[in-house]
1. Only one residue in 45, 87 is open to solvent by 60 Å² or more (accessible area, probe 1.4 Å), free of Cβ contacts under 8 Å to residues at least 24 places away in the same chain and either among the charged types (D, E, K, R) or part of a helix (DSSP H, G or I) (or both). Which one?
2. Take the residues in the range 36-89 that are polar (S, T, N, Q) and more than 28 Å from the chain's Cα centre (by Cα); name whichever of them is farthest from residue 22 (Cα to Cα).
3. Select from the range 1-22 the residues that are open to solvent by less than 50 Å² (accessible area, probe 1.4 Å) and over 24 Å from residue 45 (Cβ atoms) and list them in ascending order.
Amino acid sequence: MVAAHEHDCPQRPRACSAAEAGCAWSGLLADKAAHEATCPFAVCQRMMAPLQSELAELRAENERVQAQVAPLRAQVAAQGAENERLQAQLAAQGAENSQLQSRVAALEAGEGGEEV
């Protein structure tokens, strides 16, 4: 019972809840609420709390998105390599196609000349 009273005693000295932020106020528990209502450190902490919570949520979301993006980047790199391979194959087939067209044209010219 004494321990509970000592913890909640309005005459017990207390530090401002914003002491870690830099407030040097120390006073009685009975005066703490009035002080913290106007303490710039405490006011800033109250204003920052929702922003800090939102920042933590955004960081967590960012980590989730980054985890989803990593395999996609790997997939894009693999598809880029496959695209280069296919482009090279297409160029080779285009060159082969040109050679075949030239041979067909030569054969057609040769066949046309023999029919005379």
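1. Exactly one residue qualifies, and that residue is 87.
2. 89
3. If the condition is that a residue be open to solvent by less than 50 Å² (accessible area, probe 1.4 Å) and over 24 Å from residue 45 (Cβ atoms), then 9 is the only one that fits.
The values are calculated or read from the model by the stated rules, or taken from the named source; none is laboratory data. Because the structure is predicted, anything quoted here is derived from the model rather than measured. A quick note on method: Cβ atoms are made from the backbone with ideal geometry, for glycine too, and the neighbour counts reach across all protein chains shown. Just so you know, the surface numbers come from the protein's heavy atoms only, side chains and all, with ligands and any DNA or RNA stripped out. Shrake-Rupley method; radii C 1.70, N 1.55, O 1.52, S 1.80 Å.
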